[in-house]
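Some notes on the structure that comes next.
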Amino acid sequence: QAGIQENIFVDTGPGTGKTYTLMNKLEYMIDELEVEPESIMVLCFTNAAVAEIKKRKSEAISEGISRGIRNVDVRTFHSFAWWLINVYNTEMQDEDDWQEIDMKSLSYDGSIIKATQIIHKYPDVILGGWRHFIVDEIQDLTDVRARLVLEIISGCIEVGCGVTVLGDSCQAIYDY
């Protein structure tokens, strides 16, 4: 098992246990490394993937894993972007060059672009409180979502937050 600040890339084929690995990683970080579950973020491509991980978190608790696993935040990229913009608007007014972002005017991709810009400009403020990011199904990320993940990885490296990315190049919708 890798340490909390390690950066790991997992590329495995279909049915080889990426979600199982993700759940074991969460269990290891919480139970063995005693990482606060609230400091771990899991990002997924689809609502179905988020629902599956949340279901597995509940199953893990019933199997004896620390109840803290329920506090690991699991979101889609879009949900994460909206959350981040809200944090920026409500908690970061004291930052240099702060300008409120009108959330009503943003499209789906526009919200992800704004979130990427926020992370780029304030990596220490945004990512400094996190201990580990896990990104699932990276083979399906393109354009703005791919840039968001690259910015998260870059910012995490800068602030000492670990990153685990999981994907399957065999199932890539686009060129991996």
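Here are the numbers:
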| quantity | calculated |
| --- | --- |
| Partner lysines for Lys57 [C-alpha distance under 22 Å; skip if fewer than 8 residues away on the same chain] | Lys18, Lys25 |
| Rg followed by Dmax, in Å, when the stretch 1-59 is reduced to its Cα trace | 11.9, 31 |
| Principal axis dimensions, the stretch 1-131 - Cα atoms, whole angstrom, descending | 46, 28, 27 |
| Computed accessible area, Lys55, all protein chains, 1.4 angstrom probe, square angstrom | 100 Å² |
| Rounded to the nearest 10 Å², the accessible area of Ile113 at probe 1.4 Å | 80 Å² |
| Kirkwood estimate for the stretch 96-135, i.e. one over the average of 1/r between Cα atoms, Å | 11.6 Å |
| Whole-percent carbon and sulfur share, accessible surface of the stretch 85-176, 1.4 Å | 46 percent |
| Convex hull of Cα atoms in the stretch 59-176, direction-averaged projection (nm²) | 9.0 nm² |
| C-alpha long axis of helix 18-27 to longest principal axis of the chain, angle in ° | 80 degrees |
| Accessible area in the full protein assembly, largest first, 1.4 Å probe, for His132, His78, His120 | His120, His78, His132 |
| Reachable lysines, given that their alpha-carbon falls under 20 Å from the alpha-carbon of Lys114 and they are not under 8 places away in the same chain | Lys104 |
| Relative contact order of the stretch 1-114, defined on C-alpha pairs under 8 angstrom at six or more residues apart (%) | 23 percent |
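The values are calculated or read from the model by the stated rules, or taken from the named source; none is laboratory data. Just so we're clear, the structure is a prediction, and the values are computed from it rather than from any experiment. For the accessible areas, the whole protein counts, side chains as well, though only heavy atoms, and no ligand, DNA or RNA atoms are used. Shrake-Rupley method; radii C 1.70, N 1.55, O 1.52, S 1.80 Å.
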